[in-house]
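Shown next, in structure tokens, is the structure this report addresses.
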Amino acid sequence: MYFIRKLKSPKFGIELLAVIFALPALLIIMAYWGIRAAWGAIAIIEFLVVLMHLNMYFRTRNTSYLWLVAAFLMIVIFAIQISVFGMTKKDPESIPFTIATITAIFIIAFILFNKKIKWRTREILELVAMPVSETKNGFTERPLSIGKIDATPYEIKSFSLFLSKNMIAMTYRENGKTIFSLSSSYWKQNGLKRGYADESWVSFSDNGDVNVYISKNDYLLYRDTFSFDQICSNLGRLFKEFFDMYSKGEGIRILDKLNALNLNPITE
Amino acid sequence: MDFKEAARLGSYISKDYTEDLFRLLATYSSISASEAASRLDLHVKTVQDFLEAMFDLGFLDREEVYEKKRPYYRYTMKVNKIVMDLDLSPLFPSEGKNDQTSMRIREMKDSGARFTTARSDQYISNIAIWIGKGRERTERRINLSIPQGKFLFHLPFPSADFQSISSIMLKAEVDTSNTSEILDIVDALLEFRVVEQENNISSK
């Protein structure tokens, strides 16, 4: 779908920076202590990634993270084989290990390029700004009350599970309401930090009240000072629309709507 | 008695020497400030101020007396009972004030106010406003009643259309019996430039 982008171009992600810094570090380790030490460092790094993905599975219940855990564990085992046991390409076990590692890399690539673990924050922010053309600014730190939805607590719980599984929002439950937080920061997107402070959110109370809050950081992601009240209203309406779709068993249409924007799965 | 007179009376009645001074005034046919001060071992200015205040409030009579070179006043008790009758009815909002609910308002752009939402419900618990400029800026926090908090929760955003106070109250499910406190907080926020009124915008 072609549309006019309302968000600024994304900045370099921390993952890219981590790779940029990790590569020279690995080269230095290899230069000083040899190739096996470098593979040992890779094993340690990838094991930390395994733990991170495992944490994210428990936070979101997205099964793609379990696939990533398995894939990265394979890479860890491969790295340990080279580092600790000195496996070379002449060893007979190197062939199955190599095939398994290549398979693991394909699994990782498939999950990444199919946006299975991509947070949809930018898609949501683009969608809510799409119909807005006025630039009256009007930022405020108050939440906006959108109205009510007709939903039982069970339906809201089921909906929240759907949203977290599909990386649309991280959900929190407190004081008789469910908060759907649009994760923007790297630390929260990767489960390294909890809470929805300083993030945009939509809340559904057990009474059906819908409130919306857009953080200053997310508002500043827009290229222009789009009318803040319209952005907030649209965000609330979008989540109400998502809930309606999900209630009718058309949850897949939510993902279709987000995927239709065709944002870059890696950089956005 | 109005608030100022009541405050003046209250400030003197609360002193620990008041009863002794009144006892002297009841005992003596007339007494001067210096006589009373020396009798009670108080500073003459203290007694002077007290006697003048009681005269202004109508509880004492005074007579100018000439002795030696300088004239002075002698005070006589005029009443044997003091009743503080303070009429609060002027403080109650008039019917005309409640008609202000047709005023159309919204939050002012870049007001700098920080609204704190109550965790458990849909209302604002307090507002923090920055007052002053530069290094003399201070933060003023206003704690809100629940009707006020509900009202402000539904206050239109700075870029939204103006809405009348009555329609905001309806949306916020605030009872009309709370109108006077809603108008009070709106007046305060207009003064602090957190809220703007539609008429003020169109006149610019």
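The values are calculated or read from the model by the stated rules, or taken from the named source; none is laboratory data. On a predicted model such as this, the values are computed, not experimentally measured, just so you know. Methodologically, a virtual Cβ is constructed for each residue, glycine included, from the backbone with ideal geometry; neighbour enumeration extends over all protein chains shown.
Numbers at a glance
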{"quantity": "Residues located in region B:1-40, provided they are of a type outside the set (Ser, Thr, Tyr) and within 16 Å of B:LEU86 (Cα to Cα)", "calculated": "B:MET1, B:ASP2, B:PHE3, B:LYS4, B:GLU5, B:ALA6, B:ALA7, B:ARG8, B:LEU9, B:GLY10, B:ILE13"}
{"quantity": "Candidate set: region B:63-97, residues that are of a type in the set (Asp, Glu) and touching a residue at least 24 places away in the same chain (Cβ under 8 Å); chosen: the one surrounded by the fewest Cβ atoms within 10 Å (Cβ to Cβ)", "calculated": "B:ASP85"}
{"quantity": "Qualifying position, being in contact (Cβ under 8 Å) with a residue 60 or more places away in the chain, within 14 Å of another protein chain (Cβ to nearest Cβ) and in contact with a Leu (Cβ under 9 Å, 6 or more places away or on another chain), among A:GLY208, A:GLY236", "calculated": "A:GLY236"}
{"quantity": "Given (1) at pLDDT below 95; (2) β-branched (Val, Ile, Thr); (3) outside any loop (DSSP other than H, G, I, E, B), number of the condition A:THR225 does not satisfy", "calculated": "(3)"}
{"quantity": "Qualifying residue in region A:182-192 (condition: within 14 Å of chain B (Cβ to nearest Cβ) and either among the hydroxyl-bearing types (Ser, Thr, Tyr) or within 28 Å of A:SER9 (Cα to Cα) (or both))", "calculated": "no"}
{"quantity": "Output for region B:126-149, where each listed residue is more than 12 Å from chain A (Cβ to nearest Cβ), surrounded by 13 or more Cβ atoms within 10 Å (Cβ to Cβ) and more than 16 Å from B:GLU191 (Cβ to Cβ)", "calculated": "B:ASN126, B:SER145, B:ILE146, B:PRO147"}
{"quantity": "Restricting region A:170-192 to residues that are within 21 Å of B:PHE153 (Cα to Cα) and of a type in the set (S, T, N, Q), the residue that is surrounded by the most Cβ atoms within 10 Å (Cβ to Cβ)", "calculated": "A:SER181"}
{"quantity": "Residue match in region A:212-227 (condition: over 21 Å from A:GLU141 (Cβ atoms) and buried (at least 20 other Cβ atoms within 10 Å of the Cβ))", "calculated": "no"}
{"quantity": "Residue in region B:31-60 that is surrounded by the most Cβ atoms within 10 Å (Cβ to Cβ), counting only those that are among the charged types (D, E, K, R) and closer than 25 Å to B:MET1 by Cβ", "calculated": "B:GLU52"}
{"quantity": "Unmet requirement for A:GLY195, which otherwise passes all of (1) assigned to a loop (DSSP other than H, G, I, E, B); (2) more than 14 Å from chain B (Cβ to nearest Cβ); (3) farther than 24 Å from B:HIS154 by Cβ", "calculated": "(2)"}
{"quantity": "Cross-chain or 6+ apart pairs with Cβ under 9 Å, region B:9-38 first and without any contact (Cβ under 8 Å) to a residue 24 or more places away in the chain, then loosely packed, with under 11 Cβ neighbours inside 10 Å and part of a helix (DSSP H, G or I)", "calculated": "B:ALA37/B:LYS45"}
{"quantity": "Flag for A:TRP201 being part of a strand (DSSP E or B), free of Cβ contacts under 8 Å to residues at least 60 places away in the same chain and within 16 Å of the chain's Cα centre (by Cα)", "calculated": "yes"}
{"quantity": "Filter result (among the charged types (D, E, K, R) and on the phi < 0 side of the Ramachandran plot) within region A:58-103", "calculated": "A:ARG59, A:LYS89, A:LYS90, A:ASP91, A:GLU93"}
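Each row is one residue, and each column tells you yes or no for (1) at pLDDT 90 or above; (2) over 30 Å from B:PHE22 (Cα atoms).
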residue: B:LYS81; (1), (2): yes, no
residue: B:PHE92; (1), (2): no, yes
residue: B:GLN100; (1), (2): no, yes
residue: B:ILE105; (1), (2): yes, yes
residue: B:TYR123; (1), (2): yes, yes
residue: B:GLY132; (1), (2): no, yes
residue: B:ARG135; (1), (2): no, yes
